[in-house]
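The values are calculated or read from the model by the stated rules, or taken from the named source; none is laboratory data. In this text, all values refer to a predicted model and were calculated from it rather than measured experimentally. Note: ideal-geometry Cβ built from the backbone for every residue, glycine included; neighbour counts use all protein chains shown. With ligands, DNA and RNA removed, areas are computed over all heavy atoms of the protein, side chains included. Shrake-Rupley method; radii C 1.70, N 1.55, O 1.52, S 1.80 Å.
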Amino acid sequence: GLEFSQAEKGHIMGIGTAFLYFLPVLTGSIADKIGYKRVLFLSFIIYTTAFIALPMFDSFWGVFAIYLYLAVGAALFKPVISATIAKTTTNETSSIGFGIFYMMVNIGAFIGPLVTLLFIKDNSYDFVFYISAGVVAFNFILLYFYKEPEREQTKESLGTAIKNIFINIGEVLKDKDRKSVV
(Lines give C-alpha, C1' and ligand atoms only; values in the text may rest on other atoms or scores of the structure.)
Protein backbone atom coordinates (compact mmCIF):
# COMPACT_ATOMS: atom_id res chain seq x y z
CA GLY A 1 0.00 0.00 0.00
CA LEU A 2 0.84 3.62 0.25
CA GLU A 3 1.79 3.29 3.92
CA PHE A 4 -0.26 6.26 5.09
CA SER A 5 -0.67 6.71 8.82
CA GLN A 6 -3.99 5.96 10.47
CA ALA A 7 -4.54 9.71 10.86
CA GLU A 8 -3.91 10.32 7.15
CA LYS A 9 -6.28 7.51 6.18
CA GLY A 10 -8.83 8.96 8.61
CA HIS A 11 -8.54 12.40 7.01
CA ILE A 12 -9.01 11.01 3.51
CA MET A 13 -12.01 8.87 4.47
CA GLY A 14 -13.57 11.33 6.91
CA ILE A 15 -13.37 14.46 4.79
CA GLY A 16 -14.09 12.56 1.57
CA THR A 17 -17.18 11.01 3.12
CA ALA A 18 -18.29 14.42 4.41
CA PHE A 19 -18.02 15.76 0.83
CA LEU A 20 -19.93 12.76 -0.46
CA TYR A 21 -22.84 13.23 1.96
CA PHE A 22 -23.03 17.03 2.17
CA LEU A 23 -22.44 18.08 -1.44
CA PRO A 24 -25.53 16.31 -2.88
CA VAL A 25 -27.62 18.93 -1.10
CA LEU A 26 -25.98 21.49 -3.38
CA THR A 27 -25.44 19.35 -6.47
CA GLY A 28 -29.10 18.32 -6.48
CA SER A 29 -30.01 21.99 -6.76
CA ILE A 30 -27.50 22.40 -9.57
CA ALA A 31 -29.03 19.42 -11.39
CA ASP A 32 -32.51 20.89 -11.00
CA LYS A 33 -31.28 24.12 -12.62
CA ILE A 34 -29.09 22.87 -15.49
CA GLY A 35 -30.55 19.43 -16.14
CA TYR A 36 -29.96 15.89 -14.93
CA LYS A 37 -28.34 14.66 -18.13
CA ARG A 38 -25.75 17.46 -18.07
CA VAL A 39 -24.91 16.77 -14.44
CA LEU A 40 -24.59 13.03 -15.12
CA PHE A 41 -22.26 13.83 -18.03
CA LEU A 42 -20.11 16.00 -15.75
CA SER A 43 -20.18 13.31 -13.06
CA PHE A 44 -18.96 10.66 -15.51
CA ILE A 45 -16.16 12.96 -16.71
CA ILE A 46 -15.02 13.49 -13.13
CA TYR A 47 -15.31 9.78 -12.25
CA THR A 48 -13.40 8.68 -15.35
CA THR A 49 -10.59 11.21 -15.01
CA ALA A 50 -10.30 10.57 -11.27
CA PHE A 51 -9.84 6.83 -11.79
CA ILE A 52 -7.25 7.49 -14.48
CA ALA A 53 -5.41 9.95 -12.19
CA LEU A 54 -5.49 7.91 -8.97
CA PRO A 55 -2.53 5.64 -9.81
CA MET A 56 -0.43 8.68 -10.68
CA PHE A 57 -0.23 9.82 -7.07
CA ASP A 58 1.39 8.22 -4.07
CA SER A 59 1.76 11.20 -1.73
CA PHE A 60 -0.86 11.91 0.92
CA TRP A 61 -1.81 15.30 -0.57
CA GLY A 62 -2.04 13.92 -4.11
CA VAL A 63 -4.24 10.99 -3.12
CA PHE A 64 -6.29 13.25 -0.85
CA ALA A 65 -6.95 15.76 -3.66
CA ILE A 66 -7.91 13.07 -6.18
CA TYR A 67 -10.14 11.34 -3.62
CA LEU A 68 -11.97 14.62 -2.97
CA TYR A 69 -12.29 15.12 -6.73
CA LEU A 70 -13.77 11.61 -6.98
CA ALA A 71 -16.17 12.45 -4.12
CA VAL A 72 -17.37 15.50 -6.06
CA GLY A 73 -18.16 13.22 -9.02
CA ALA A 74 -20.13 10.91 -6.74
CA ALA A 75 -21.90 13.86 -5.13
CA LEU A 76 -23.04 14.97 -8.59
CA PHE A 77 -24.29 11.48 -9.42
CA LYS A 78 -26.20 10.63 -6.22
CA PRO A 79 -29.02 13.21 -6.23
CA VAL A 80 -29.66 12.82 -9.96
CA ILE A 81 -30.22 9.09 -9.65
CA SER A 82 -32.43 9.50 -6.58
CA ALA A 83 -34.45 12.24 -8.30
CA THR A 84 -34.76 10.20 -11.50
CA ILE A 85 -36.13 7.24 -9.57
CA ALA A 86 -38.46 9.45 -7.55
CA LYS A 87 -39.78 11.23 -10.66
CA THR A 88 -40.20 8.13 -12.82
CA THR A 89 -41.99 5.93 -10.31
CA THR A 90 -45.39 6.17 -8.64
CA ASN A 91 -46.32 5.70 -4.99
CA GLU A 92 -46.97 2.05 -5.82
CA THR A 93 -43.68 1.47 -7.70
CA SER A 94 -41.20 3.71 -5.86
CA SER A 95 -40.14 1.07 -3.35
CA ILE A 96 -39.36 -1.42 -6.11
CA GLY A 97 -37.56 1.31 -8.10
CA PHE A 98 -35.28 2.20 -5.21
CA GLY A 99 -34.97 -1.49 -4.31
CA ILE A 100 -33.69 -2.34 -7.79
CA PHE A 101 -31.24 0.57 -7.69
CA TYR A 102 -29.78 -0.43 -4.32
CA MET A 103 -29.73 -4.10 -5.32
CA MET A 104 -27.56 -3.14 -8.32
CA VAL A 105 -25.30 -1.04 -6.05
CA ASN A 106 -24.88 -3.97 -3.68
CA ILE A 107 -24.23 -6.46 -6.49
CA GLY A 108 -21.56 -4.13 -7.84
CA ALA A 109 -20.05 -3.68 -4.39
CA PHE A 110 -19.87 -7.47 -4.02
CA ILE A 111 -18.65 -8.38 -7.50
CA GLY A 112 -16.31 -5.41 -8.08
CA PRO A 113 -13.66 -6.40 -5.54
CA LEU A 114 -13.75 -10.02 -6.71
CA VAL A 115 -13.21 -8.98 -10.32
CA THR A 116 -10.32 -6.68 -9.35
CA LEU A 117 -8.43 -9.69 -8.01
CA LEU A 118 -8.14 -10.89 -11.62
CA PHE A 119 -6.30 -7.74 -12.65
CA ILE A 120 -3.80 -7.20 -9.85
CA LYS A 121 -0.35 -7.83 -11.29
CA ASP A 122 2.83 -7.74 -9.18
CA ASN A 123 1.03 -5.95 -6.32
CA SER A 124 0.13 -3.08 -8.67
CA TYR A 125 -3.42 -1.78 -8.69
CA ASP A 126 -2.88 0.61 -11.61
CA PHE A 127 -4.72 -1.59 -14.10
CA VAL A 128 -7.68 -1.89 -11.70
CA PHE A 129 -8.10 1.90 -11.76
CA TYR A 130 -7.88 2.00 -15.56
CA ILE A 131 -10.53 -0.73 -15.85
CA SER A 132 -12.70 1.22 -13.41
CA ALA A 133 -12.30 4.31 -15.62
CA GLY A 134 -13.34 2.24 -18.64
CA VAL A 135 -16.41 0.85 -16.88
CA VAL A 136 -17.45 4.35 -15.83
CA ALA A 137 -16.79 5.66 -19.36
CA PHE A 138 -19.24 3.03 -20.64
CA ASN A 139 -21.92 5.14 -18.95
CA PHE A 140 -21.48 7.79 -21.67
CA ILE A 141 -23.10 5.30 -24.06
CA LEU A 142 -25.91 4.60 -21.60
CA LEU A 143 -26.38 8.35 -21.12
CA TYR A 144 -27.38 8.59 -24.77
CA PHE A 145 -30.50 6.56 -23.89
CA TYR A 146 -31.24 8.45 -20.66
CA LYS A 147 -34.56 10.28 -20.82
CA GLU A 148 -34.58 13.45 -18.76
CA PRO A 149 -37.54 13.35 -16.37
CA GLU A 150 -39.80 16.35 -15.92
CA ARG A 151 -38.38 18.84 -13.46
CA GLU A 152 -39.79 22.01 -12.03
CA GLN A 153 -38.45 25.10 -13.79
CA THR A 154 -38.07 28.17 -11.58
CA LYS A 155 -36.96 31.67 -12.43
CA GLU A 156 -34.50 31.93 -9.53
CA SER A 157 -30.81 31.90 -10.39
CA LEU A 158 -28.51 29.06 -9.41
CA GLY A 159 -26.86 31.36 -6.87
CA THR A 160 -30.22 32.18 -5.29
CA ALA A 161 -31.17 28.49 -5.21
CA ILE A 162 -27.92 27.61 -3.41
CA LYS A 163 -28.35 30.55 -1.01
CA ASN A 164 -31.87 29.29 -0.21
CA ILE A 165 -30.46 25.84 0.55
CA PHE A 166 -28.20 27.32 3.23
CA ILE A 167 -31.07 29.42 4.59
CA ASN A 168 -33.23 26.28 4.84
CA ILE A 169 -30.42 24.31 6.50
CA GLY A 170 -30.06 27.14 9.03
CA GLU A 171 -33.80 27.09 9.70
CA VAL A 172 -33.74 23.35 10.35
CA LEU A 173 -30.70 23.58 12.63
CA LYS A 174 -32.12 26.41 14.74
CA ASP A 175 -35.56 24.81 15.08
CA LYS A 176 -35.16 23.63 18.67
CA ASP A 177 -38.88 23.32 19.41
CA ARG A 178 -39.45 20.35 17.15
CA LYS A 179 -39.16 16.90 18.60
CA SER A 180 -36.95 14.40 16.87
CA VAL A 181 -38.77 11.62 15.03
CA VAL A 182 -36.93 8.33 15.12
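For the chain, give the percent of accessible area contributed by carbon and sulfur heavy atoms, probe 1.4 Å, rounded to a whole number. The value for the chain is 66 percent carbon and sulfur by accessible area. The trypsin sites (Lys or Arg not before Pro) of the stretch 101-157 meeting both criteria, a DSSP state outside H, G, I, E and B (loop) and at most 10 other C-beta atoms within 10 angstrom of the site's C-beta, are Lys147, Lys155.
Axis of helix 158-174 versus longest Cα principal axis of the chain: the two differ by about 80°, to the nearest ten degrees. When only DSSP loop residues count, what GluC sites (Glu not before Pro) in the stretch 1-92 have their Cβ near at most 12 other Cβ atoms within 10 Å? Answer in residue order: Glu3, Glu92. Extension gain, Ser5 to Thr88: 0.36 nm times the residue separation minus the Cα-Cα distance gives 25.4 nm. On a per residue basis, the chain carries 68 Å² of accessible surface, using protein heavy atoms and a 1.4 Å probe. The long axis of helix 6-34 is offset from the longest Cα principal axis of the chain by roughly 40 degrees. Please give the calculated 222 nm ellipticity per residue for the chain, where each DSSP H segment of at least 4 residues contributes -39500 (n - 2.57) and the sum is spread over every residue; nearest 500 deg cm²/dmol? Helices in the chain give a 222 nm mean residue ellipticity of -25000 deg cm²/dmol.
Find how much the distance from Met13 to Ile131 grows on full extension, using 0.36 nm per residue of separation minus their present alpha carbon separation; answer in nm with one decimal.
Residue separation times 0.36 nm, minus the Cα-Cα distance, leaves 40.2 nm.
Between Ile45 and Phe140, the modelled labels are 1.1 nm apart [label points 7 Å from Cα along Cα→Cβ]. For the chain, the longest principal axis of the Cα atoms and the long axis of helix 94-116 meet at an angle of about 10 degrees. Suppose R0 equals 22 Å. What FRET efficiency, 1/(1 + (r/R0)^6) with r the Cβ-Cβ distance, do Thr116 and Trp61 give to the nearest 0.05? It comes to 0.30. Simple point charges give the picture: +1 on the Cβ of Lys and Arg, -1 on the Cβ of Asp and Glu, and for the chain a dipole about the Cα centre of about 480 debye. Phi angles across the stretch 54-62 convert, under the Karplus curve 6.51 cos²θ - 1.76 cosθ + 1.60 with θ = phi - 60°, into 3J(HN,Hα) values of 3, x, 7, 10, 10, 8, 4, 5, x Hz, Gly and Pro given as x. On the basis of the beta-carbon distance and an R0 of 30 Å, Arg151 and Glu171 show a calculated FRET efficiency of 0.80. The heavy atoms of Asp58 offer some 110 square angstrom of accessible surface to a 1.4 angstrom probe.
Take the alpha carbon gyration tensor of the stretch 72-158, find the square roots of its eigenvalues, order them as a ≥ b ≥ c, and report rounded if a/c is under 1.5; if not, report prolate when a/b exceeds b/c, else oblate. It comes out prolate by the Cα gyration axes.
For the chain, the Kirkwood estimate of hydrodynamic radius, built from reciprocal distances between every pair of different alpha carbons, is 18.7 Å.
P(r) tail, the stretch 6-64: Cα-Cα pairs separated by more than 17 Å, 54% of all pairs.
What pairs from Lys78/Lys155; Lys9/Lys163; Lys87/Lys163; Lys147/Lys174; Lys78/Lys163 go past 29 Å between their alpha carbons?
Pairs exceeding 29 Å: Lys9/Lys163; Lys147/Lys174.
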